[in-house]
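Take a look at this one; I'll ask things after.
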């Protein structure tokens, strides 16, 4: 074994919240080490007698790791791998009895073995004394991080739009968002530095925590490249900001989409090397100080229902998160742990990566279904050629009529290279009904009201999207990064089969084209 | 169906914390109901495609509900019941795919069906509009209740001793304990009323939340009878206190222990009627106002590793707890839910009760093992005949010598009628080394120091107990209910097999008898 030449994390204990600093180890936990004294008889623990758990064994049948699914004819493949978790097994194998019993806040530490191997293989931290800790998925992880780092009155740095459930965690705590403008790669390091440099202390202490979804950001669909990550990291070092890297879509990173390219079927065999080389890496790999808390989850790679994820962070944060976990949730479900653990045993870490290579390819195909459907329903023109103020990525115009004249820009979007979402900017200011709509209100109020009515008309057209205002960061009032005359909506390409994607985008394009070109007049309903 | 003549809960919304009042429904959750519109195509949800979850089916083999285990030769019985949870099943059966997918904060509501049936059968609330909500076990449930009801600076009413993990949840929040004196049935209603009536507002607002473990209290082992519950409830109504009924041991309620009765083997067949008639009921059955939040768990009845429990409370509290759950943990593990749900399907609610009747009998036998071992190792004398100041229940003296003279009282305890614990009062003031021990310190300091040294000597004698000070309520300083010259320790009878119980109690009695009778002089080590 070669010596670890990485530095240790720097001292970041001044970031701990009062709550986190006030936690003490559960005194009962101290007893556990005395339970190992040779010959001792313990009346201390208060565990139920394991003989009375009413289960013999647990079995599952799973797909082989190298399964290539058929996205157009989805059904479980005929092959499967069976495993049984016996009532008792010799360590370090998974046995059911340990899964059924109390095990403390750390959960089944056997699971840390493949997780550490995966970490060193895919995103080795740039410092030595990192640790991992299981959690019940990233919703649970995020709340635990908030209680670790945040006080009422604080601001959390985030993208121009934020995942609503992340925000719903901190707003009731008296915490606000501090959104930073960005582009197709997410947060702008210049805007971040400026925002921190010019921070007005009358709003509270300068933000010390940044929440980021660096791959396939929800809802923006943006993915940070390595250079962007480094620039953002450097700003965070300068201003002593802790980076929360919430990375559920890390395994869903795609090559760029090229307009007009024919839809390609999924690769017949996983190309693991291409998959790995296409991956934008974790903040951990550039984190020499230990100021990144990474959240991973099995929700997108295996199954959301397991409610199983993990933190990777410096040992001091991990210890405080463990103290919290002991009183917040205890360890994750033992069923989730033994089943996931045994699946990883069967597959191996390399099998897990191969599974995700194929999975990624499935979602790449689904992204292309939707982008192809958009390309079929609109004329897509690169923003730099479209001459439309405020447009991003590709601008969608109505299909060219026989007269050859281009209609109004309807939506624009950046084709995503990761995740599950396409973030569409809706150009309301080119809609015939916009100019006369509620002229006495502010532009922000008008956009919000127009968007709600637009969304209802979409439902009437039997197409459901997520309205843009769902993702608006809560700054205590309006949205400081509001874009004049434009609304947004989010399209998820992850779930619906191809026929529905085609039909849904047709409905969307048909309804919007009719409205934007004035073929229907909706002003009476406004 | 007969009309429900129960009243609705009264308005208790003034009890909500600022945090709980500030929670809003996740906007994404609103979308879900539009997903049911006929013919709609949804690009809104962002769910992973269920076809890509890598699992075909999940199977388990469980014990039949009427299994009678053999506590002296514990091993899984040869019979078992197999079940398989298929990939897809028609509602309302459990299917794996729903267990593997995101399902929202409420979890798999199918599980609410047997839970509601159990509730109406065993502890029907005395008001109509109650609700249930799944959680990840009672550690998770308790933290969610704290965030629902408590502000920094508050006090929580509790027994004279408190479960350390419950306290570890609220102390870092800036919350203190307000312990109330009690007896063998738990909290004294008179002491509770006096404590609330004479509350000194300079300590903070008058306590509004009572934490109680009414059956087999941990560590006291006390169980409240019906009359005691009613008196305590009435005091809580008068002073507008919310009762948190944490009842993990509700299925472990035993007939009284009679000294000198021969150890009885477990009943060869479950006597469900006797089991139910011996049950002290829930606060819910006398709660006409909806001021009780009951916490149940499958940890003691099935398996702790499932991390699965539930709240029963008024609909308003349940809705706020659900809002919290959506951002705190989401629903419980789908694996835990489908496995537990399918087990309950196989057994039925009556089978679940039969299983617990047998389980209870197993723990009754284990309680008797330990009490019989204590009776064999000491002379046990009822406190009322023993003439020992401050003694409770049964007083343990050294075995009578040939000369017929009684030695010093060593410990005293109330034989528990529920739970997993015997709480022993250690009479330090009859120990030869006590009088000269650290005479310049306060009695409370002396007890604590003596107890720590005593505990180490027990470890040296290869016997592990839980020291009494672990359970001391944190009031910001000393313990206001301190008993002069006495310490405590907790014995768990739940876990060790009979041979270890016998040997462990022999070691304990031997070591204590030698010390208390002066046969060994330990003063040099103090």
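The values are calculated or read from the model by the stated rules, or taken from the named source; none is laboratory data. Remember, it's a predicted structure, so these values are computed and weren't measured experimentally. Please note: Cβ atoms are built from the backbone with ideal geometry, for glycine as well, and neighbour counts cover all protein chains shown.
How many residues, within the range A:209-267, are out of contact with any strand residue (DSSP E or B) (no Cβ under 8 Å at 6 or more places or on another chain), away from chain B (no Cβ under 14 Å) and part of a loop (DSSP other than H, G, I, E, B)?
Taking the range A:209-267 as the starting set, the residues that turn out to be out of contact with any strand residue (DSSP E or B) (no Cβ under 8 Å at 6 or more places or on another chain) are A:225-227, A:229-231, A:234-235, A:237-240, A:251, A:255-258, A:260-267.
Next, only the ones that are away from chain B (no Cβ under 14 Å) stay: A:225-227, A:229-231, A:234-235, A:237-240, A:255-258, A:260-265, A:267.
Adding the requirement that they be part of a loop (DSSP other than H, G, I, E, B) leaves A:225, A:239-240, A:255-258, A:260-265, A:267.
So the answer is 14.
For the range A:228-250, check the following and say yes or no: at least one residue is more than 25 Å from residue A:375 (Cα to Cα) and modelled with pLDDT under 95.
no
Tell me whether the range A:499-506 contains one or more residues that are in a loop (DSSP other than H, G, I, E, B), outside the structural domain of residue A:222 (by TED's automatic domain parsing), surrounded by fewer than 19 Cβ atoms within 10 Å (Cβ to Cβ) and modelled with pLDDT of 95 or more. Write out each step before concluding.
Step one: filter the range A:499-506 for residues in a loop (DSSP other than H, G, I, E, B), giving none.
No: zero hits.
Something else now. So for the range A:115-135 (the condition being facing another protein chain (nearest Cβ under 7 Å) and over 30 Å from residue B:354 (Cβ atoms)), does at least one residue qualify?
Pass one, the range A:115-135, residues facing another protein chain (nearest Cβ under 7 Å): none.
For the range A:115-135, residues facing another protein chain (nearest Cβ under 7 Å) and over 30 Å from residue B:354 (Cβ atoms): absent.
Same structure again: Only one of these is at the interface with chain A (Cβ under 7 Å from one of its Cβ atoms) and either assigned to a loop (DSSP other than H, G, I, E, B) or modelled with pLDDT of 90 or more (or both): B:23, B:88, B:106, B:6. Name it. Outline the logic, then answer.
Working: B:88 fails: at the interface with chain A (Cβ under 7 Å from one of its Cβ atoms); B:106 fails: at the interface with chain A (Cβ under 7 Å from one of its Cβ atoms); B:6 fails: at the interface with chain A (Cβ under 7 Å from one of its Cβ atoms).
On inspection, the qualifying residue turns out to be B:23.
Every residue in the range A:373-398 that is under 13 Å from residue A:491 (Cβ atoms) and part of a helix (DSSP H, G or I), please.
The answer is A:373, A:374, A:377.
Next question. Can you name the number of the only condition in (1) assigned to a loop (DSSP other than H, G, I, E, B); (2) at pLDDT 85 or above; (3) surrounded by fewer than 18 Cβ atoms within 10 Å (Cβ to Cβ); (4) within 7 Å of chain A (Cβ to nearest Cβ) that residue B:74 fails?
For residue B:74, the failing item is (2).
Matching residues to (1) at pLDDT 95 or above; (2) over 21 Å from the mean Cα position of the chain (by Cα); (3) over 29 Å from residue B:242 (Cβ atoms):
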{"residue": "B:288", "(1), (2), (3)": "yes, yes, no"}
{"residue": "B:294", "(1), (2), (3)": "yes, no, no"}
{"residue": "B:297", "(1), (2), (3)": "yes, no, no"}
{"residue": "B:324", "(1), (2), (3)": "yes, yes, no"}
{"residue": "B:333", "(1), (2), (3)": "yes, yes, no"}
{"residue": "B:337", "(1), (2), (3)": "yes, yes, no"}
{"residue": "B:370", "(1), (2), (3)": "yes, no, yes"}
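Could you check the range A:431-468 and list, in sequence order, the residues that are touching a strand residue (DSSP E or B) at 6+ places or on another chain (Cβ under 7 Å) and not in a helix (DSSP H, G or I)?
Those that are touching a strand residue (DSSP E or B) at 6+ places or on another chain (Cβ under 7 Å) and not in a helix (DSSP H, G or I): A:462, A:463, A:464, A:465, A:466, A:467.
Let me ask another. Any residue that is touching a strand residue (DSSP E or B) at 6+ places or on another chain (Cβ under 6 Å), outside any loop (DSSP other than H, G, I, E, B) and at negative phi - is there at least one of those in the range B:187-198?
Taking the range B:187-198 and keeping what is touching a strand residue (DSSP E or B) at 6+ places or on another chain (Cβ under 6 Å), we get B:188.
Narrowing the set further to residues that are outside any loop (DSSP other than H, G, I, E, B) leaves none.
There is no residue in the range B:187-198 that is touching a strand residue (DSSP E or B) at 6+ places or on another chain (Cβ under 6 Å), outside any loop (DSSP other than H, G, I, E, B) and at negative phi.
Right, here's the next one. Looking only at the range A:445-459, decide whether some residue is within 14 Å of chain B (Cβ to nearest Cβ), touching a residue at least 12 places away in the same chain (Cβ under 8 Å) and within 21 Å of residue A:180 (Cα to Cα).
yes
Read through the list (1) assigned by TED's automatic domain parsing to the domain that holds residue A:249; (2) touching a helix residue (DSSP H, G or I) at 6+ places or on another chain (Cβ under 8 Å); (3) within 29 Å of residue A:46 (Cα to Cα), then give the number of the only condition that residue A:125 fails.
Answer for residue A:125: the failing condition is (3).
In the range B:146-176, which residue that is over 19 Å from residue B:218 (Cα atoms) and away from every other protein chain (no Cβ under 11 Å) is farthest from the chain's Cα centre (by Cα)?
Restricting to residues being over 19 Å from residue B:218 (Cα atoms) and away from every other protein chain (no Cβ under 11 Å), the top hit is B:153.
Let me ask you something else. State whether one or more residues within the range A:343-350 are in a loop (DSSP other than H, G, I, E, B) and out of contact with any strand residue (DSSP E or B) (no Cβ under 6 Å at 6 or more places or on another chain). Explain how you work it out, then say what you get.
Narrowing the range A:343-350 to residues in a loop (DSSP other than H, G, I, E, B): none.
There is no residue in the range A:343-350 that is in a loop (DSSP other than H, G, I, E, B) and out of contact with any strand residue (DSSP E or B) (no Cβ under 6 Å at 6 or more places or on another chain).
Next question. Given the criteria in contact (Cβ under 8 Å) with a residue 24 or more places away in the chain and either away from chain A (no Cβ under 14 Å) or more than 30 Å from residue B:272 (Cα to Cα) (or both), does residue B:391 qualify? Walk me through it before giving the result.
Numbers: in contact (Cβ under 8 Å) with a residue 24 or more places away in the chain: yes; either away from chain A (no Cβ under 14 Å) or more than 30 Å from residue B:272 (Cα to Cα) (or both): yes.
In short, yes.
I've got another one for you. Within the group B:355, B:347, which residue is surrounded by fewer than 24 Cβ atoms within 10 Å (Cβ to Cβ) and in contact with a helix residue (DSSP H, G or I) (Cβ under 8 Å, 6 or more places away or on another chain)? Before the answer, list the steps.
Working: B:355 fails: surrounded by fewer than 24 Cβ atoms within 10 Å (Cβ to Cβ).
Only one candidate qualifies: B:347.
I've got another one for you. Answer yes or no: is there a residue in the range A:469-491 that is outside any loop (DSSP other than H, G, I, E, B), modelled with pLDDT under 95 and more than 27 Å from the chain's Cα centre (by Cα).
No, the range A:469-491 contains no residue that is outside any loop (DSSP other than H, G, I, E, B), modelled with pLDDT under 95 and more than 27 Å from the chain's Cα centre (by Cα).
Anything in the range B:119-175 that is assigned to a strand (DSSP E or B) and either more than 18 Å from residue B:307 (Cβ to Cβ) or at pLDDT below 95 (or both)? List them, or say none. So that I can check it myself, show each step before the final result.
Just the residues of the range B:119-175 that are assigned to a strand (DSSP E or B), to begin with: B:130-135, B:155-158.
The answer is B:130, B:131, B:155, B:156, B:157, B:158.
Just for the range A:176-186: of the residues that are in a loop (DSSP other than H, G, I, E, B) and in contact with a helix residue (DSSP H, G or I) (Cβ under 7 Å, 6 or more places away or on another chain), which one is surrounded by the most Cβ atoms within 10 Å (Cβ to Cβ)?
So the first thing to find is which residues in the range A:176-186 are in a loop (DSSP other than H, G, I, E, B), and the list is A:180-181, A:184-185.
Applying the additional criterion that residues be in contact with a helix residue (DSSP H, G or I) (Cβ under 7 Å, 6 or more places away or on another chain) yields A:180-181, A:185.
On the way: A:180: 28, A:181: 15, A:185: 21.
Residue satisfying both the conditions and the ranking: A:180.
Can you confirm whether the range B:298-307 contains a residue that is in a strand (DSSP E or B), in contact with a strand residue (DSSP E or B) (Cβ under 8 Å, 6 or more places away or on another chain) and touching a residue at least 60 places away in the same chain (Cβ under 8 Å)?
Within the range B:298-307, the subset in a strand (DSSP E or B) is none.
No: the range B:298-307 contains no residue that is in a strand (DSSP E or B), in contact with a strand residue (DSSP E or B) (Cβ under 8 Å, 6 or more places away or on another chain) and touching a residue at least 60 places away in the same chain (Cβ under 8 Å).
The rows are residues; the columns are (1) assigned to a strand (DSSP E or B); (2) crowded, with 23+ Cβ neighbours inside 10 Å.
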| position | (1), (2) |
| --- | --- |
| B:296 | yes, yes |
| B:313 | yes, yes |
| B:316 | no, no |
| B:336 | no, yes |
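Another question, then. Would you confirm whether or not the range A:347-360 contains a residue that is under 21 Å from the mean Cα position of the chain (by Cα), within 11 Å of chain B (Cβ to nearest Cβ) and more than 27 Å from residue B:337 (Cα to Cα)?
Yes, that holds for at least one residue.
Criterion first (assigned to a helix (DSSP H, G or I), touching a residue at least 24 places away in the same chain (Cβ under 8 Å) and under 19 Å from the mean Cα position of the chain (by Cα)) does residue B:284 satisfy it? Talk me through it step by step, then tell me what you get.
Values: assigned to a helix (DSSP H, G or I): yes; touching a residue at least 24 places away in the same chain (Cβ under 8 Å): yes; under 19 Å from the mean Cα position of the chain (by Cα): yes.
Criteria met by residue B:284.
Can you go through B:34, B:63 and tell me which one is at the interface with another protein chain (Cβ under 7 Å from one of its Cβ atoms) and modelled with pLDDT under 80? Reasoning before the result, please.
On the way: B:63 fails: modelled with pLDDT under 80.
Answer to the selection: B:34.
Going through the range A:92-103 one residue at a time, which ones are in a helix (DSSP H, G or I) and within 7 Å of chain B (Cβ to nearest Cβ)? Steps first, please.
Going through the range A:92-103, the residues in a helix (DSSP H, G or I) turn out to be A:96-100.
Answer for the range A:92-103, where residues must be in a helix (DSSP H, G or I) and within 7 Å of chain B (Cβ to nearest Cβ): A:99, A:100.
Now, a different point. Considering only residues of the range B:251-269 that are within 19 Å of the chain's Cα centre (by Cα) and crowded, with 19+ Cβ neighbours inside 10 Å, which is farthest from residue B:371 (Cα to Cα)?
The first filter runs over the range B:251-269 and keeps only residues within 19 Å of the chain's Cα centre (by Cα), leaving B:251-255.
Retained after the next criterion (residues that are crowded, with 19+ Cβ neighbours inside 10 Å): B:251-254.
Details: B:251: 20, B:252: 16, B:253: 16, B:254: 13 Å.
Once the filter is applied, the top-ranked residue is B:251.
May I pose another question? Could you say which residue among A:471, A:421, A:413 is crowded, with 22+ Cβ neighbours inside 10 Å and under 24 Å from residue B:39 (Cα atoms)?
Numbers: A:471 fails: under 24 Å from residue B:39 (Cα atoms); A:413 fails: under 24 Å from residue B:39 (Cα atoms).
Matching residue, one of A:471, A:421, A:413: A:421.
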